[in-house]
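Since the structure comes first, as structure tokens, the remarks are kept for the end.
Every number here is computed from the coordinates shown, using simple stated rules; none is lab data. Bear in mind that the values here come from a model prediction, so they are computed numbers and not experimental data. Methodologically, a virtual Cβ is constructed for each residue, glycine included, from the backbone with ideal geometry; neighbour enumeration extends over all protein chains shown.
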Amino acid sequence: MNTNRSLRLMKFAVLALVTVCFGASLANAQEVQGKFNLPFETHWGNAVLAPGDYSFRLNFSGGSPDYTVLTREQDQTETIVMASTRSHSSSGKSGLIVERHGDRGTVRTLRLAEAGLVIYYPAAKAQPPMLAEGPKLIQRIPILLAQK
């Protein structure tokens, strides 16, 4: 009987601990939303985005962003992009930092000055370098953050 009571007490303690930990992670979870316009085809992680208007939701908790959900306004197509790392910075303007390659681009950074975040995205799998590659142009695409 005493062993049975101890087992129930142990199960209750473990359940309470799990609930507290899960609740704390939910309390720390944050979401940032915004909109932007891509004037050219853009690679973002492994996704290839057509030109057009997009909205995004960036979900993060703890050390680094979990994912970014991009929604194309024209057809409501959603794309999920995993982030690699983040840092804290409230300096500079919010925007997408895109590395241009002719008529295409690759998102390297999402800067959210109002939220104090800079999120870095890995480049897609590298293509073999060209022997006579031209200079790379870095372009900032403005974003509009949603007010909560």
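How much length is gained on full extension from GLU41 to ALA123, taking 0.36 nm per residue of separation minus their Cα-Cα distance?
Fully extending the segment from GLU41 to ALA123 adds 28.0 nm.
Fully extending the segment from ASP103 to THR77 would add 7.1 nm, taking 0.36 nm per residue of separation and subtracting the current Cα-Cα distance.
Please find the FRET efficiency linking VAL48 to SER87, where r is the Cβ-Cβ separation and R0 is fixed at 30 Å, and quote it to the nearest 0.05. That gives a FRET efficiency of 0.70.
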